[in-house]
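The block underneath contains the structure these notes are about, expressed in structure tokens.
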Amino acid sequence: MIDNLISSLNLPDDLEGLDTAQLEKAAAEVRKYMTRTVADNGGHLAASLGVVELALALHSTYKSPRDKIIWDVGHQSYPHKLLTGRWKQFPTLRRLGGLCGFPKPAESEHDPFLTGHSSTSISAALGLARARDHHGDDYKVIAVIGDGALTGGMSFEALNHAGHIKANMLVILNDNKMSISSNVGSMSSYLGRIRSDPKYSRLKRDFEVFVNKIPLIGKQLISSAERVKGGLKYLLMPGMLFEELGFTYFGPVDGHNIAAIKNILKQADKMNGPVIVHVVTEKGKGYHFAEKSPEAFHGIGPFDLSNGVPLKKKQNPTYTDVFGSALLEMARENPKIVALTAAMTSGTGLKKFSEEFPDRFYDVGIAEQHGATLASALAAGKMRPVFAVYSTFLQRAYDQILHDTCLQKLPVVFAVDRAGIIGEDGETHQGLFDLTYLRTMPHMSIMAPANEDELQHMLKTAFDYEGGPVAIRYPRDKGVGIELTAPQILPWGKGELIRQGEDLLIIAAGSVVNSALEASEKLFWQGIKAAVINARFVKPLDEELILSWAGKCHRVMTIEENVLAGGFGSSILELFEQKGLRVPVKRLGVGDCFVGHGTRAEMLACCSLDTESIYDEALDFVGPEAVKGVT
Ligand SMILES: Cc1ncc(C[n+]2csc(CCOP(=O)(O)OP(=O)(O)O)c2C)c(N)n1
């Protein structure tokens, strides 16, 4: 019976006519379908489960696409997608050519602004609201932001601005106490106080009723109460911080009670200027295993619906695992090592570190910029900080790394995880720019391991180096399965020739070294002898090794999981230009485009970075006359 309701509706328009009981039925259908699909495809389940009622309340109150709803980060946008015409396509979620896991205007007119990186929704809502006003139009603009995303500095910049210019817009604060793991910071504690103290709401209501009953002086009393800073109003008013920023605050309201949310939205709509509605939800709501372990179900691969257990079989440890264990060992020996994360403790492999060394561990919230400067200052104070962060999110801290770290030559280690093609999360999360943006910074050194064992050595080498910041970039992947040896300090700035040859030199950086090696093996059977260099260092380059072998082979192919513009291959071209070496160079990497979603293997093939493509490109480069076959 239940499955019949949504399929009979024209979404989202028909939601407006549904009563509360029907909306609750719809919520059950959305939950069930969403959970089943994520069990098959993997995805961000817990956050999406938490906002099912909120999405229904919003779509039955407002009219999308006329009214604009911006979901911050957008990992929780699955219910929104399901309610806005993407029900049938939903099983393609995160698959090659299928629905994106994040809101995407190119995918639907109901996604007014692309999201993926955190804390942008209030700025985006403000911009759309002002554009509306400039055009003299009349529609609602709504930002839905989580308490985790609210730890990002941008959201405060936007609140500050929106309150100041009194923009007509609505911010929904979706407070589930969680970022990916438990939320951190004093803002989180503040929300906790509002949430957990029912007397706030009761007192506020009683106070307002009371003073409004006093003829003539009621209003005056409120305003004099408002003048007593730190006094009555702070005691009585929840959300006073937002009020001080110029927002009218409503809440907290139970985010799983559709009628209550709709009711509060109705009140909020009567206000002029910026309004914030504080909605309290439970991450993972409605799926027992996600409720019990919301962190595990934040972003999860395919799992067994009946018991919530991931389907993936045991495989080689990931680069992230190896980084985490190696760091732990090194930190046991060196008390100066401190580790930082921007709300990605587990994702970056720092969980065990945080448990063993709570005093040497900093989760700064979703605040990559602050993280980079904090790490720089820790280094200035003679600690040895490692900031473990995904390549795509480190983009946020470009200026801090340049200005605070590099300019002062501070020995911060940047453990740049998820560098290269990342797979199903798609274009907002690809780590394809770090070689370019880091390489341009004076004093920055960059390493890229070809396997997980080399990652350990690079970490040891980075801690040994005092001359400035070091970035180590590694992929979102399992390791190649190589035996892990005791970490050694690598010769600084030196690459490694891993195969000899005279027809072609392949120079690969990082994760693509193995594919380059496999391709060279295939080339050998065509009679083409390719030399292969594992660059190890993207900066400084091993000039001697590269120049001597480029001279011998007369043809050079570079490979990198990065955009070609300004990347590793560009650095080789620059080297040849500086040294006056004239050899044909072919660069493999990502062109001037954004790379979408699919499995990592699919997307590597799409970008011509898999073994087969490297082989084809090399054949094409050397030309048919070079193909001799092996006799
Ligand atoms: C700039 C940036 N850093 C890190 C992330 C990774 N990330 C995705 S969701 C998330 C937690 C968001 O918490 P919250 O906003 O409370 O949403 P919830 O998942 O709890 O619903 C993080 C850290 C990101 N998307 N963008």
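Rule-based calculations on the coordinates, nothing more; no lab input. What you see is a predicted model; the values in this text were computed from it and never measured. Using ideal geometry, Cβ is built from the backbone for each residue, glycine included, and neighbour counts are taken over all protein chains shown.
On full extension, the segment bounded by Ser306 and Ala106 gains 68.5 nm, given 0.36 nm per residue less the C-alpha separation. Angle between the Cα long axis of helix 121-135 and the longest principal axis of the chain, 0 to 90 degrees, nearest 10? Tilt relative to the chain: about 70 degrees. Net charge dipole, the range 319-473: roughly 460 debye, given to the nearest 20, about the Cα centre with Cβ charges of +1 for Lys and Arg and -1 for Asp and Glu. Applying the Karplus relation 6.51 cos²θ - 1.76 cosθ + 1.60 with θ = phi - 60° to the range 349-358 yields 3J(HN,Hα) values of x, 9, 4, 5, 4, 5, 7, 7, 10, x Hz, where x marks Gly and Pro. Only Lys, Arg, Asp and Glu carry charge here, each on its Cβ (+1 for the first two, -1 for the last two); on that basis the range 361-451 has a dipole of about 480 debye about its Cα centre.
Between Met557 and Leu505, Ile506, Ile507, Lys586, the built amide H atoms are under 5 Å apart, and every one of these is 5 or more places off in sequence or on another chain.
To the nearest 20 debye, what charge dipole does the chain have about its Cα centre, counting +1 at the Cβ of each Lys and Arg and -1 at the Cβ of each Asp and Glu?
The calculated dipole for the chain is roughly 1480 debye.
Projecting the Cα atoms of Pro105, Leu545, Pro65 onto the charge dipole of the chain, computed from C-beta unit charges around the Cα centre, puts Pro65 farthest toward the positive end. Computed extension length for Ser7-Ala21: 3.4 nm, one decimal, from 0.36 nm per residue of separation with the Cα-Cα distance subtracted.
Compared with the dominant Cα axis of the chain, that is its longest principal axis, helix 568-579 is turned about 50°.
The mean sequence distance of close C-alpha pairs (under 8 Å, at least 6 residues apart), as a share of the length of the range 71-169, puts its relative contact order at 29 percent.
Within 15 Å, Cβ to Cβ, of Val538, how many net charges do the neighbouring residues add up to if Lys/Arg are +1 and Asp/Glu are -1? Net charge in that neighbourhood comes out at -2. Taking 0.36 nm per residue of separation and subtracting the current Cα-Cα distance, fully stretching the chain between Trp492 and Gln578 would add 28.8 nm. Using alpha-carbon positions, what is the distance between the centroids of the range 260-326 and the range 364-378, in Å? The range 260-326 and the range 364-378 have Cα centres spaced 25 Å from each other. Using the Cβ-Cβ distance between Gln408 and Ala259 with R0 set to 56 Å, the FRET efficiency works out to roughly 0.50.
Loop sites here are GluC sites (Glu not before Pro) outside DSSP states H, G, I, E and B with no more than 12 other Cβ atoms within 10 Å. The longest part of the chain free of them is 110-465.
Normalised by the number of residues in the range 496-620, the average gap of Cα pairs under 8 Å and 6 or more apart makes the relative contact order 28 percent. Measuring nothing but how far apart in sequence close Cα pairs (under 8 Å, 6+ apart) lie, relative to its length, the chain scores a relative contact order of 11 percent.
Within the chain, all pairs of alpha-carbon atoms sorted by distance into 10 Å bins from zero give the percentages 3, 15, 23, 23, 17, 11, 5, 2, 1, 0, 0.
FRET efficiency for the Asn160 to Asn316 pair, using the beta carbon distance and R₀ = 56 Å, is estimated at 0.75. Can you tell me the FRET efficiency between Glu329 and Ser293 if r is taken as the Cβ-Cβ distance and R0 is 22 Å, rounded to the nearest 0.05? Plugging the Cβ-Cβ distance into 1/(1 + (r/R0)^6) gives 0.20. Taking amide H positions as modeled 1.01 Å from N, with prolines and chain starts lacking one, the residues under 5 Å from Arg384 and 5 or more places away or on another chain are Ile337, Val338. Rounded to the nearest 10 degrees, the inclination of helix 513-524 to the longest alpha-carbon principal axis of the chain is 40 degrees. At q = 0.15, 0.16, 0.17 Å⁻¹, what base-10 log of I(q)/I(0) does the Debye formula yield for the range 319-473 when every alpha carbon is treated as an equal point scatterer in vacuo? For the range 319-473, the Cα-only Debye profile gives -0.68, -0.79, -0.90. Its residues counted as N, the range 496-620 yields a C-alpha radius of gyration over 2.2 N^0.38 Å of 0.99. In this rough spin-label picture, where each label sits 7 Å from Cα along the Cβ direction, the His135-Ser186 distance is 4.1 nm.
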